[in-house]
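Since the structure comes first, as structure tokens, the remarks are kept for the end.
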Amino acid sequence: MKIGEALRKERIKLGLTQDQMCAGILSRPFYARIESGKNRINAESLFKILLEHQVDLVEFCDLIQDDYTSEERKVEKQFKMNLAVSAKDTEALDKYCQQIMNSSNNEVLKLRALITSAYFKGETDKIDVEIRTKTKAEFDGGNNWLERPDLLRLLANTMPMWPQDELDFLIGRLLDFAKKSELSELTTERYLRLLENYLVVCYDRKVHKKTTHFDHIDDAMEYIIDATESFHLMIYRIEVFYMKALFLDQMDKAKEIRHDLGVLGYKNFIASWPE
């Protein structure tokens, strides 16, 4: 929300006219153009108006934060949440989730934060029906989710709430698309993260032990190995070998991989890997 819009919102909440809102500080015509976005207001006049009417400064900043926060800062906030997920730091995860809920107008990001937090607290069964419905609606045919980074991240973060048959259907579509398309390295990495999450969810649900279930575990592993020739993508290939050891109940091999990565300094990075 722009400053002018936020001022108008606070003025209406206070029940004031434009004259009353800016009296003794700015002329009404000039102030009216600020609310409409045609004029800018300097910091001194802005704070005079806010303090004169005892507007909560923190609340006001929350209103305008998204429009005046750089993309780098927005990415940093999401990155901090991703780090909290990797380290299984539920306290930090709750903190960043709350920040996103309070400050973001991005509904997809809010859904990601809510469901990720619920998953790491073991509360996916408590996710509101409305949230589940909103999430699933994002993956209808018209949203072209296979090529949208925000929806790929949403699926990656919300997998634990999807019924297995619906999840398998989406992953099958993704794998078909990936094999037929020339993907950029950035898009490929998004797919890799998503497929790694799929393997973890399948392992948690013991899908590989249900012989009647049709899944994409082997296809996902094959795709990840084929797509990780670049050195900086090698961690995804290593995780596949780790997950394969878990699926085959080769626990000693899985522990060895985990130990070696810990020695190399990746202990926090792999904290969220299943054991």
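The values are calculated or read from the model by the stated rules, or taken from the named source; none is laboratory data. This is a predicted model, so every value here is computed, not measured. Heads up, the Cβs are rebuilt from the backbone with ideal geometry, glycines too, and the neighbour counts pull from every protein chain shown. For accessibility, only protein heavy atoms count, side chains too; no ligands or nucleic acids. Shrake-Rupley method; radii C 1.70, N 1.55, O 1.52, S 1.80 Å.
Checking the structure you have, find out if any residue of segment 176-183 is within 25 Å of Phe269 (Cβ to Cβ), out of contact with any Leu (no Cβ under 7 Å at 6 or more places or on another chain) and in a helix (DSSP H, G or I). Within segment 176-183, one or more residues are within 25 Å of Phe269 (Cβ to Cβ), out of contact with any Leu (no Cβ under 7 Å at 6 or more places or on another chain) and in a helix (DSSP H, G or I). Residue pairs whose Cβ atoms lie under 9 Å apart, sitting 6 or more positions apart in sequence or on different chains, and linking a residue in segment 40-60 that is touching a residue at least 12 places away in the same chain (Cβ under 8 Å) and open to solvent by less than 60 Å² (accessible area, probe 1.4 Å) to a partner that is among the hydrophobic types (A, V, I, L, M, F, W, C) and not in a helix (DSSP H, G or I), are Ile41/Leu26; Ser45/Ile25; Ser45/Leu26; Ile49/Ile25; Ile49/Leu26; Ile49/Ile41; Ile49/Val55; His53/Leu16. Please find, within segment 104-122, the residue that is nearest to Asn197 (Cα to Cα) out of those that are open to solvent by 60 Å² or more (accessible area, probe 1.4 Å) and in a helix (DSSP H, G or I). This residue is Tyr119. In segment 2-59, the residue that is nearest to Asn102 (Cα to Cα) out of those that are among the hydroxyl-bearing types (Ser, Thr, Tyr) and assigned to a helix (DSSP H, G or I) is Ser45.
The residues of segment 83-102 that are surrounded by 16 or more Cβ atoms within 10 Å (Cβ to Cβ) and either farther than 25 Å from Arg132 by Cβ or modelled with pLDDT under 70 (or both), listed by number, are Ala84, Val85, Ala87, Asp89. Considering Ile257, Ile225, Ile235, the condition of being of a type in the set (A, V, I, L, M) and under 23 Å from the mean Cα position of the chain (by Cα) is satisfied by Ile235 alone. The single condition among (1) assigned by the TED database to the domain that holds Met243; (2) open to solvent by 70 Å² or more (accessible area, probe 1.4 Å) that Glu147 does not satisfy is (1).
Taking segment 198-275 as the region of interest, the helices (runs of 4 or more DSSP H) fully inside it that hold 2 or more residues being open to solvent by 60 Å² or more (accessible area, probe 1.4 Å), within 30 Å of Ser184 (Cβ to Cβ) and touching a helix residue (DSSP H, G or I) at 6+ places or on another chain (Cβ under 8 Å) are 234-247.
Quick one: is Thr133 surrounded by fewer than 13 Cβ atoms within 10 Å (Cβ to Cβ) and either among the polar types (S, T, N, Q) or closer than 27 Å to Lys2 by Cα (or both)? Show your work before the answer.
Details: surrounded by fewer than 13 Cβ atoms within 10 Å (Cβ to Cβ): yes; either among the polar types (S, T, N, Q) or closer than 27 Å to Lys2 by Cα (or both): yes.
Considered against the rule, which asks whether it is surrounded by fewer than 13 Cβ atoms within 10 Å (Cβ to Cβ) and either among the polar types (S, T, N, Q) or closer than 27 Å to Lys2 by Cα (or both), Thr133 comes out as yes.
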